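These notes concern the structure reproduced below.
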Amino acid sequence: MAEFRMPSLGADMQAGTLIEWRVRPGDAVKRGAIVAVVDTEKATIEIEIFENGVVEAIHVREGEKVPVGTVLATIRGEGEAARSPAPAVPAVESPARVSPLARRRAEELGVDLATVTGTGERGAITRDDVERSAARVTRPAQPEKPSEDRQAGLRRVIAAAMARSKREIPHYYLGIDIDMSRAMAWLAAENLKRSVTDRLLYSVLLLRAVALAVHEVPEMNGFWVDGAFQPSAAVHVGLAISLRQGGLVAPAIHDIDKKRLDELMREMLDLVKRARAGVLRSSELSDPTITVTNLGEQGVQTVFGVIYPPQVALVGFGKVAERPWAGGGMIGARPVISASLSADHRVSDGHRGGRFLAAIDRLLQEPEKL
Amino acid sequence: MSGEAKTIRTTYREAIRAALRDALQRDERVFLMGEDVGRYGGCFAVSKGLLDEFGAERIRDTPLSEAAFVGAGIGAAMGGARPIVEIMTVNFSLLALDQIVNNAATILHMSGGQFNIPLVIRMTTGAGRQLAAQHSHSLEGWYAHIPGIKVLAPATLEDARGMLWTALEDPDPVLIFEHGSLYNMEGELAVDAGPVEINRAAVRRSGTDVSLITYGGTLGKTLQAAQEVAAEGISAEVVDLRTLRPLDTATIIGTVVKTHRAVIVDEGWRSGSISAEIMARIMENAFYELDAPVARLCSAEVPMPYPKHLEDAAIPQAPEIVAAIRQLVRKHG
């Protein structure tokens, strides 16, 4: 029997509100399936499960706020026998008595049956109950304009994480200017072959370069936990995404070192869209092993980033701009980007950090291999 | 009513007699036979006067043997006649069950399509007249179980007048169940009333909140209940099945799709009844239209009591139908 707990969706998360169950007791679940939606102060997160099995019992009701680590559900592993006596804790109270028509209408009208009071025989929910409920509740659209509360909550969360970072992590900073003429030329040629919707942005080249450079300097990839560095074999790059209403999140794109550019491009666009809509998955928030932030769009030349704990490194990129570039005794104009590294001095030193940035530079000189 | 001579005041009994006369006049192959249909004028006085008008060849008194005269009717039908066999009441039809189920219903099939049986059997059915346990059955639902025959249940003057001729024109055996409590029912019938179709149920009252599905002897009580709940703002639709085999599934489903709730009123016993079949069809075809479980009122599963108050208590009555409707339809402001 496995326990499915309220995950920590960031170092700063204390508790989460279970917004919605996507499974019921008795449902089969597969590793990676989204089983619940949790609201943290940062966003509404879809929570994935990491076992295959059957939901044995659900212990937390929709709407309940519980601390990180609370058992939300128990999962019976494949082949495991059901616990013979009925689970002691009752499952989520679902409205058992709903007329077939009421159920159909609720689906059509988007009414949550859990919020409807039944007036039919022995409390059964009827069509009238659903329709009256639908008329009463004019459902708010997705939080286009988040409430002050959420805004304030998000700011508080960022404040806590950044203060902890600056308090605990001895940052060191390195910078390098990278000649992007090869990368940009290759990208332009590549995009000529593609339809408008399939075109690549140079950001994906940067992400790939960072992910592959990590293989050469693994001290940049992982977590500082309990006074020691835990390197990560997988490379999940957290992508800093600014939210329209202010604030930012840095959800992960998983296994960037193993993905093709096309795939990466699709995932990046999807992630940005979902982050701004406030619909992220639990693994995306808890998994990043290194963060990349790109402030080129704002015209920034150099980023001096703050590491997101418990990660140990952050790579910042500025704007790709034509700059005078000296080489072979000549000065020419080239597209140049400034890359910076903020790294945790407890884990690595400037020498390793320098090699890491040099590796990124080298990788970007052979864009066709990315 | 304006009093124009477009309708006449008549009874269910007289409407059936008019139908018999009409059939006997229209087609000389038609004849009526059964116990006491001639000299006595019929046990329920339906055929009174017909012997004088049509003679002993066409209005034939039979011995007290249902198996024999139903069998004779089958033979006559095979031989080209258009017999109308009257079985006094449905309980006596049990003596002719072999003829009806094993012969009338199967000969077309057993003869490889050579012999069809254009036979009409009329009989009285139902309780409510203190005739006790052996003479109060409602077994039309049983007969509706059998492929090869049609089962009709006229509940109105129009159907009493009009179903017989259409049944005679049908190439296969048709059973007509006349509810005993209806014979004295009085009402207005169009002077030119004639044959009616026998394949469709009829909506006798239109409504939007609940469908009351019934037939035969309980139609009147059901309409009365619908009238009563109308005063409370409940709009009940009343469907008269008219034909129990084949069942008009389309009309049944149509009304349920409209109202989303149904009460079935059936004087037959509950277990394995036609009401059970109707519920099953609703479930099969309109499950996602249902806003409440389908309800039904049937007769108590006991031999029919003789005492009036017990008999009344054993069969569906209007107040119970009203209660069932209220249970199903709860109006919200």
Does B:V265 fit the bill of being surrounded by 21 or more Cβ atoms within 10 Å (Cβ to Cβ), within 14 Å of chain A (Cβ to nearest Cβ) and either within 27 Å of B:V174 (Cβ to Cβ) or at pLDDT 95 or above (or both)?
no
Screening B:L219, B:L164, B:L168 for residues that are within 30 Å of B:R326 (Cα to Cα) and within 18 Å of the chain's Cα centre (by Cα) leaves only B:L219
Of the candidates B:G128, B:G113, B:G148, the one satisfying the condition of being over 15 Å from the mean Cα position of the chain (by Cα), surrounded by fewer than 15 Cβ atoms within 10 Å (Cβ to Cβ) and either on the phi > 0 side of the Ramachandran plot or of a type in the set (D, E, K, R) (or both) is B:G113
For the stretch B:157-189, the count of residues that are of a type in the set (V, I, T) and buried (at least 21 other Cβ atoms within 10 Å of the Cβ) equals 2
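Residues are listed down the side, and each one gets a yes or a no for (1) touching a residue at least 60 places away in the same chain (Cβ under 8 Å); (2) touching an Asp or Glu at 6+ places or on another chain (Cβ under 8 Å); (3) within 28 Å of A:V98 (Cβ to Cβ); (4) not basic (K, R):
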residue	(1), (2), (3), (4)
B:E228	yes, no, no, yes
B:I234	yes, yes, yes, yes
B:N285	no, no, yes, yes
B:E289	no, no, yes, yes
B:A295	no, no, yes, yes
B:M304	yes, yes, no, yes
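Going by what's in this entry, would B:P154 be described as under 19 Å from B:V70 (Cα atoms), surrounded by 23 or more Cβ atoms within 10 Å (Cβ to Cβ) and touching a Lys or Arg at 6+ places or on another chain (Cβ under 9 Å)? Full working, then the answer.
Details: under 19 Å from B:V70 (Cα atoms): no; surrounded by 23 or more Cβ atoms within 10 Å (Cβ to Cβ): yes; touching a Lys or Arg at 6+ places or on another chain (Cβ under 9 Å): yes.
No.
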Here the qualifying pairs (Cβ atoms under 7 Å; residues six or more apart or on different chains; first in the stretch B:104-133 and polar (S, T, N, Q); second surrounded by fewer than 15 Cβ atoms within 10 Å (Cβ to Cβ)) come out as B:N116/B:P171; B:Q130/B:Y306; B:Q130/B:K308
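Would you say B:A236 is small (G, A, S), buried (at least 19 other Cβ atoms within 10 Å of the Cβ), away from chain A (no Cβ under 14 Å) and touching a Leu at 6+ places or on another chain (Cβ under 8 Å)?
Values: small (G, A, S): yes; buried (at least 19 other Cβ atoms within 10 Å of the Cβ): yes; away from chain A (no Cβ under 14 Å): yes; touching a Leu at 6+ places or on another chain (Cβ under 8 Å): yes.
Yes, satisfied.
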Taking the stretch A:199-244 and keeping only residues that are in contact (Cβ under 8 Å) with a residue 24 or more places away in the chain and among the small types (G, A, S), one is left with A:S203, A:A209, A:A211, A:A213, A:G222, A:S232, A:A234, A:G238, A:A240
Looking across the stretch A:99-116 at residues that are part of a helix (DSSP H, G or I) and among the small types (G, A, S), the single one that is farthest from the other protein chains (Cβ to nearest Cβ) is A:A114
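Might you let me know whether the stretch A:83-97 holds any residue that is at pLDDT 80 or above and away from chain B (no Cβ under 14 Å)? First the steps, then the outcome.
Start the filter on the stretch A:83-97 by keeping residues that are at pLDDT 80 or above, which leaves A:97.
Filter once more, so that each one left must be away from chain B (no Cβ under 14 Å): none.
No.
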Cβ pairs under 8 Å, 6+ apart or interchain, first in the stretch B:311-327 and over 16 Å from B:S235 (Cβ atoms), second among the acidic types (D, E) and outside any helix (DSSP H, G or I), ordered by first then second residue, are B:I315/B:E267; B:P316/B:D266; B:P316/B:E267
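Let me confirm something: among A:R164, A:R155, A:R199, which residue is surrounded by 15 or more Cβ atoms within 10 Å (Cβ to Cβ) and under 25 Å from the mean Cα position of the chain (by Cα)?
Answer to the selection: A:R164.
Quick grid of which residues meet (1) in a helix (DSSP H, G or I); (2) buried (at least 16 other Cβ atoms within 10 Å of the Cβ); (3) not assigned by TED's automatic domain parsing to the domain that holds A:A343:
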site	(1), (2), (3)
A:G175	no, no, no
A:I178	no, yes, no
A:A185	yes, no, no
A:N191	yes, no, no
A:S203	yes, yes, no
A:L206	yes, yes, no
A:A209	yes, yes, no
A:L212	yes, yes, no
Among the residues of the stretch A:264-320, the number that are at pLDDT below 85 and assigned to a strand (DSSP E or B) is 3
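Run down B:T243, B:T249, B:T222, B:T214 and say which single residue is β-branched (V, I, T), in the same structural domain as B:S299 (by TED's automatic domain parsing) and under 17 Å from B:L290 (Cα atoms).
Details: B:T243 fails: under 17 Å from B:L290 (Cα atoms); B:T222 fails: under 17 Å from B:L290 (Cα atoms); B:T214 fails: under 17 Å from B:L290 (Cα atoms).
Just one listed residue meets the conditions, B:T249.
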Contact list, first residue from the stretch A:31-42 and in the same structural domain as A:R76 (by TED's automatic domain parsing), second anywhere and of a type in the set (S, T, Y), beta-carbon distance below 7 Å, six or more apart or interchain, is A:V37/A:T44; A:V38/A:T17; A:D39/A:T17
- Restricting attention to the stretch B:182-198, does a residue exist that is over 27 Å from B:G128 (Cβ atoms), within 14 Å of chain A (Cβ to nearest Cβ) and at pLDDT below 95? no
Scanning the stretch A:323-355 residue by residue, those assigned to a helix (DSSP H, G or I) and farther than 20 Å from A:Q301 by Cβ turn out to be A:G350, A:H351, A:R352, A:R355
Q) Is at least one residue of the stretch B:295-318 among the basic types (K, R), within 13 Å of another protein chain (Cβ to nearest Cβ) and in a helix (DSSP H, G or I)? A) no
Picked from the stretch A:292-343 (must be surrounded by fewer than 22 Cβ atoms within 10 Å (Cβ to Cβ) and aromatic (F, W, Y)), the residue nearest to A:I47 (Cα to Cα) is A:F304
The condition from (1) exposed (fewer than 15 other Cβ atoms within 10 Å of the Cβ); (2) assigned to a strand (DSSP E or B) that A:G246 misses is numbered (2)
Here the residues within the stretch B:53-95 that are surrounded by 18 or more Cβ atoms within 10 Å (Cβ to Cβ) and acidic (D, E) are B:E66, B:E86
Just one listed residue, out of B:R326, B:R330, B:R281, is assigned to a helix (DSSP H, G or I), of a type in the set (K, R) and within 14 Å of another protein chain (Cβ to nearest Cβ), and it is B:R326
- Message: Checking the structure you have, find out if any residue of the stretch A:284-291 is closer than 25 Å to A:A163 by Cα, in contact with a His (Cβ under 6 Å, 6 or more places away or on another chain) and buried (at least 20 other Cβ atoms within 10 Å of the Cβ).
- Response: yes
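The values are calculated or read from the model by the stated rules, or taken from the named source; none is laboratory data. If you're wondering where the values come from, they're calculated on a predicted model, not measured in any experiment. Glycine also receives a Cβ, built like all others from the backbone with ideal geometry; neighbour counts cover every protein chain displayed.
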